[in-house]
Structure formats: C-alpha cells, structure tokens
Amino acid sequence: MEYSPILHNLHVVPSSHVKNKLFVFCIMLSLWVYMIYCCVGYCSTVPNLTYRSVNRHENDSEIDNQDSSVGASRDLLNNENDLDSRGDEWDEIRGEAKALDDNAMSGFLNESESKKLPQAIIIGVKKGGTRALLEFLRLHPDIRAVGAEPHFFDRNYDKGLEWYRELMPKSSEGQLTMEKTPSYYVTKEVPARIYTMSKDTKLIVVVRDPVTRAISDYTQTRSKKPDIPSFESLTFKNISAGLIDTTWSAVQIGMYAKHLERWLQYFPTEQLLFVSGERLISDPAGEMARVQDFLGLRRVVTEKHFHFNPAKGFPCLKRPEGNSKPHCLGKTKGRTHPNIDPEVVQRLRDFYKPYNRMFYRMTGHDFGWD
C-alpha cells in the first residue's frame, strides 16, 4: 500500500498528545498528594480554625447559669469569658503548638492514630494559670491536647459528642487526650455533662488567691476596654455600706467552695486535682510532678524544662537538649496589675476567708491565701 504522510500524522499526533496529558496529570497528582501529606500532620495538632471563626461572634457571658445560692452573674463589662481562646491569643497558641509539642509531626501517617474524647480536662479557673499548665503538659510525649478552648460542655453541648471528638488531635493507643476550658468550673450544667460522657474523666483545677485572681481578671478586661469603671466601684453593691457584689463574675469565680459542691455531686475528690497557681510559678517542676502522677504519666517534664523570666514574672519553657532560647508565653501573660485601694483589698480578703477555709477542708489542702 502506498505510504501516506497524512495517515501517518493522524496516527502519531493523537498518541503524542495523550502522552503529554498523562505526564501533566501525573505531575498534578504528585503535587496534590504532597500537599495532603504536609497538611495532615499540621492539622492534627493545630486547633480547628473553622470552628474558631464560626464561634468568634458568639455571645460570651462569663457564667450563664449560676447556682441560686450564689446568684446570677452580673457582667456589666461584657467581659469576654476567656481571652486565652480569643483572637489576640490565636497567633500565640498557633505558634506554641508547633514550637512546644515534640510530637507535632510524629505519626501523621500512622493508621493506628485516631481522634478520641478527652480522658482528662483542665476545667478551671479563669486567670488561675490554665494556659501555662496546658503548655507545660504539651511538652510530654504521652499527651495530645487541643490548643484553643472548645467550650463544648458550656456553649456547644447541643452539637454532640462527635462534633467534640472532631476537635481533638489524633492520638495513639498510649497517649492521653486533653483539653482546657476554664469556664467549665463555674458553669452549673457542666459536671453532669462530663459525667455523662465518662464518669472516669480526670479533672484538673488550677486555683489562685481569689483576690489576686479577681484583680487579674479585671486587668485583662481593662486592657481591652480602658474606659470601664474602677475595680473598687465594681466590687461593691454599695461602697459606703461595704457590701461585696457577688453577682460580678470577677468576684463570683473566686468563691471556689460553692462551685466545688456541684462537682462533688458527680465526682469523688480523688478524681479532681487542685493545682496551685502560685506554685505553678514558684515551683513549676514540683507542681508538674503532681500533675503527671495524677494523670498516671512518667515524670518527663522536670526542672530542666523551666527557666524563670524575672521580667515577665513567671517561668518560660526551654528544651533540655541544645542551647535554644527559652520560650515564654505571649505578651498577654504577666500584665502589670493596677494599684487597688488597700482597704478594698482587705475587705475582699475578709469576704473570701470563709469560702477559702471551706475550700481547704473540701480539698484537704491549705493553699495559704489567708
């Protein structure tokens, strides 16, 4: 048969075209797989950004429903419930998740890893030192903890346990999953809800001198709203009568014994650990030893992980290996407190004394606040 260039071209060109398409497709597929490969490890340890953006504008009352014996919470300042989980902290948390978690990228292709409901929760209290404790714990290789505060048991309970589980980082069989939301401790519905999830959940409460805690709470709010009323005017229902306003959330949170009564209706005292916020600063390794024992973990986080920063007034984290610079919590930690009228401070101390003594008896530990 006579050779025809036209027929030859009709045969060759389509074949070459198909090969080119296949080559381009392979390159695109490789890039896509690589992107998924990179994202899986990162997303498993960094808090859910979509969740944060959806909940950014939700109403943030400090204590929605308090025990009737305590009274309803007065929130004249529109006080944000926990700025640790807010926008100004988000970059800090996101950066620390990568810098402090030794296992941030480990096991991201490990099929044995899965998302689990937390076996331990830091339930309070606000401005007690919960962020510091969480970051100290995230140094431990057997702990996987979500950085942002889920607020599941107080604000998002209607979304269900599967929604809650999806917020958790992936963990392997020997690892403990944790979260922290300080407002849990003072929200009356939370104990029963956590008990319903698991009656074996271990609970950690970071407590601090209630007077100092209240001033710290106020300082945080004032940093966002400089024109708020004075601490002194908010503390009293009637300044001349000297009657403390227990409906102000900054005062109400420090009535630790009242809140603890609700928790003890569901959980035995041995299932709760009370961490001293003061000792978490003065002796972080000592408090971390107690926490690790309580959680049934090896004592991995020790004194070699801490470096006290005199400028900030609290310990910073360092890696035992190498000479890297100690890593401190962000600028929103260690704010300078305003000067408060000493008479107001003393009246608050007198107000808290019976609650403190009751709390000491209930916990079996004297925190030395009086």
Accessible-area value, Ser230, 1.4 Å probe, nucleic acids and ligands omitted, Å²: 50 Å²
Other-chain or far-sequence residues with amide H under 5 Å of Glu179's (modelled H): Ala120, Ile122
R0 of 51 Å, Cβ-Cβ distance Arg279-Met28: FRET efficiency to nearest 0.05: 0.35
Long pairs among Lys127/Lys304; Lys127/Lys202; Lys115/Lys304, criterion Cα-Cα beyond 24 Å: Lys127/Lys304; Lys115/Lys304
Solvent-accessible area, 1.4 Å probe, carbon plus sulfur percent, for region 163-300: 48 percent
Listed residues Tyr195, Tyr185 arranged by accessible area, highest first, probe 1.4 Å: Tyr195, Tyr185
Cut-off under 5 Å, modelled amide H: who pairs with Ser171 long-range: Ser114, Lys115, Lys116
Under Karplus coefficients 6.51, -1.76 and 1.60, residue-wise ³J(HN,Hα) of region 337-352 in Hz, glycine/proline x: 6, x, 6, 10, 3, x, 5, 5, 4, 5, 5, 5, 4, 5, 5, 7
Asp366-Asp227 pseudo-label distance in nm [points 7 Å out on the Cα-to-Cβ vector]: 4.8 nm
By average C-beta atoms within 10 angstrom, highest first, the peptides 151-161, 210-220: 210-220, 151-161
Rounded to 5, the percent of DSSP beta bridges in region 198-316 classed as antiparallel: 50 percent
Long-range amide H partners of Leu243 with built H, under 5 Å: Lys237, Asn238
Probe 1.4 Å, protein heavy atoms only - accessible area per residue of region 209-271 in square angstrom: 38 Å²
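The values are calculated or read from the model by the stated rules, or taken from the named source; none is laboratory data. Computed from a predicted model, the values in this text were never measured in an experiment. Counting neighbours? That spans all protein chains shown, and the Cβs are built from the backbone with ideal geometry, glycine included. Ligands, DNA and RNA are stripped out before the accessible areas are found, and what is left, the full protein with its side chains, is counted by its heavy atoms. Shrake-Rupley method; radii C 1.70, N 1.55, O 1.52, S 1.80 Å.
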